[in-house]
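Report on the following structure.
The values are calculated or read from the model by the stated rules, or taken from the named source; none is laboratory data. These figures come from a predicted structure and were not determined experimentally. Reconstructed Cβ throughout: ideal geometry from the backbone, glycine too, with neighbour counts over all protein chains shown.
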Amino acid sequence: MSTLLRFFKGSLLVAVAGLLAAWLLGGAKAVFIVAILCVLEISLSFDNAVVNATVLRDMNAVWRRRFLTWGMLIAVFGMRVVFPVAIVAVVGHLTPWDALLMAVSRPDDYARTLTSAHVAIAGFGGAFLLMVFLKFFFDQEKDVHWIGVIERPLARTGRIEAVEIGVSLIALYAISTFLAGHGQLEFVLSGIAGIVTYIAVDGFGSLFEGGGQTAARTGLSGFLYLEVLDASFSFDGVIGAFALSNNIFIIAIGLGVGAMFVRSLTILFVERETLDAFRYLEHGAFYAIGALATIMFVGTFHEISEVITGLIGAGFIGLSLYSSIRHNRRAHAA
């Protein structure tokens, strides 16, 4: 147990500091909200930790350390504090300073302005996550299948060049038909931006492929990939947090503490080689990503509770873990 706790020592210290800060900001109510937001962030991002581990296990030690330090600072502070303020500044035609002042002095207006950008945010984040999901399953070289009846045909379909881009564009158009007026164009353009971002980040790594620069390919490109992935995961959590509080500092503390625990889980998965020990866990994480992308799309015209999102993700992870344990037992018995 003590060996396991060492992975979470830093996160526990941050959690204590966060809860203390919440108490100073708003007493027992703020502490309760921070705790709920922390649990929400972990439940929504558990699959993110698994996917992070799949990239980090192939990343060289230097870039791995950079992601776990600077990358996490960007994720915790940048994506959960700075980025929402930047969105409000753009949507409200404000300077970043005015947007920050609005968040502090007029939190209701700030929350309303941020929420008004939900369609564009869901389009970008959903499209990026859909590409991540499809790229994993549309892989003709993939030889480990969890749900074979689904995954084997998808792997064969991967022989078609850029099939994941076509499927993503069709999905964007289909969802846009449920939206009205200006929202349709906004959603489609944001979704296309998400697809282009994925292609750019994925293609950046390919520039170094075959050139003896594997370290760069699994370094900077992997770093950028993980940062955009974390951003896509965090969008809905940041917006959904306003259902509990409109205080950006309380929201930042709750989501930030949760993100630190996700970081600890990522390190645990990498150092314990969890993905090698449980062969279907990675599959469960990517199914959860596909589900999250779908929920983000559907959420543009029909509200879906974050609780449902978290339960679906946890369900895929739990089932894949159970299947992995069963497989290991059968292999051991044989």
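If I filter segment 199-230 down to residues being assigned to a helix (DSSP H, G or I), among the polar types (S, T, N, Q) and modelled with pLDDT of 55 or more, which single residue comes out as surrounded by the fewest Cβ atoms within 10 Å (Cβ to Cβ)? Walk me through it before giving the result.
First, the residues of segment 199-230 that are assigned to a helix (DSSP H, G or I): 199-206, 214-217, 220-230.
Next cut, among the polar types (S, T, N, Q) only: 206, 214, 221.
Narrowing further to those that are modelled with pLDDT of 55 or more: 206, 221.
On the way: 206: 10, 221: 23.
By that ranking, first place goes to 206.
Could you check, for segment 281-304, whether at least one of its residues is farther than 24 Å from residue 82 by Cβ, modelled with pLDDT under 85 and either among the hydrophobic types (A, V, I, L, M, F, W, C) or within 14 Å of the chain's Cα centre (by Cα) (or both)?
Yes: segment 281-304 contains one or more residues that are farther than 24 Å from residue 82 by Cβ, modelled with pLDDT under 85 and either among the hydrophobic types (A, V, I, L, M, F, W, C) or within 14 Å of the chain's Cα centre (by Cα) (or both).
Could you count how many residues in segment 70-89 are surrounded by fewer than 16 Cβ atoms within 10 Å (Cβ to Cβ), within 16 Å of residue 112 (Cα to Cα) and without any contact (Cβ under 8 Å) to a residue 12 or more places away in the chain?
0
Please work out which one of (1) assigned to a loop (DSSP other than H, G, I, E, B); (2) modelled with pLDDT under 80; (3) at negative phi is the condition residue 145 fails and give its number.
The single condition residue 145 does not satisfy is (2).
Is there a residue being outside any helix (DSSP H, G or I) and at pLDDT 90 or above anywhere in segment 181-189? Give the steps one after another, and end with the answer.
At the first step, the residues of segment 181-189 found to be outside any helix (DSSP H, G or I) are 181.
Checking the rest, the ones that are also at pLDDT 90 or above come to none.
No, the conditions are met nowhere in segment 181-189.
With (1) without any contact (Cβ under 8 Å) to a residue 60 or more places away in the chain; (2) surrounded by 16 or more Cβ atoms within 10 Å (Cβ to Cβ); (3) under 25 Å from residue 83 (Cα atoms); (4) not acidic (Asp, Glu) as the list, and residue 165 as the residue in question, which single condition is left unmet?
(3)
Please find, within segment 278-292, the residue that is farthest from residue 123 (Cα to Cα) out of those that are assigned to a loop (DSSP other than H, G, I, E, B) and in contact with a Leu (Cβ under 9 Å, 6 or more places away or on another chain).
Pass one, segment 278-292, residues assigned to a loop (DSSP other than H, G, I, E, B): 278-280.
Pick out the ones that are also in contact with a Leu (Cβ under 9 Å, 6 or more places away or on another chain) and you get 278, 280.
Details: 278: 33, 280: 29 Å.
Once the filter is applied, the top-ranked residue is 278.
Could you run through segment 133-154 and say how many residues are out of contact with any Lys or Arg (no Cβ under 7 Å at 6 or more places or on another chain) and of a type in the set (S, T, N, Q)?
Initially, segment 133-154 is screened for residues out of contact with any Lys or Arg (no Cβ under 7 Å at 6 or more places or on another chain), giving 133-139, 141-143, 146-154.
Add one more test, that the residue is of a type in the set (S, T, N, Q), and what stays is none.
Residues meeting the conditions: 0.
Between 308, 325, 295, which is surrounded by 19 or more Cβ atoms within 10 Å (Cβ to Cβ) and in a helix (DSSP H, G or I)? Reasoning before the result, please.
Numbers: 308 fails: surrounded by 19 or more Cβ atoms within 10 Å (Cβ to Cβ); 325 fails: surrounded by 19 or more Cβ atoms within 10 Å (Cβ to Cβ).
Within the list 308, 325, 295, the selection yields 295.
If a residue must be under 24 Å from the mean Cα position of the chain (by Cα) and either within 24 Å of residue 305 (Cβ to Cβ) or surrounded by fewer than 14 Cβ atoms within 10 Å (Cβ to Cβ) (or both), how many such residues does segment 5-31 contain?
2
Report, by residue number, each residue of segment 231-254 that is outside any helix (DSSP H, G or I) and at pLDDT below 80. Outline the logic, then answer.
Residues of segment 231-254 outside any helix (DSSP H, G or I): 242-247.
Of everything in segment 231-254, those that are outside any helix (DSSP H, G or I) and at pLDDT below 80 turn out to be 242, 243, 244.
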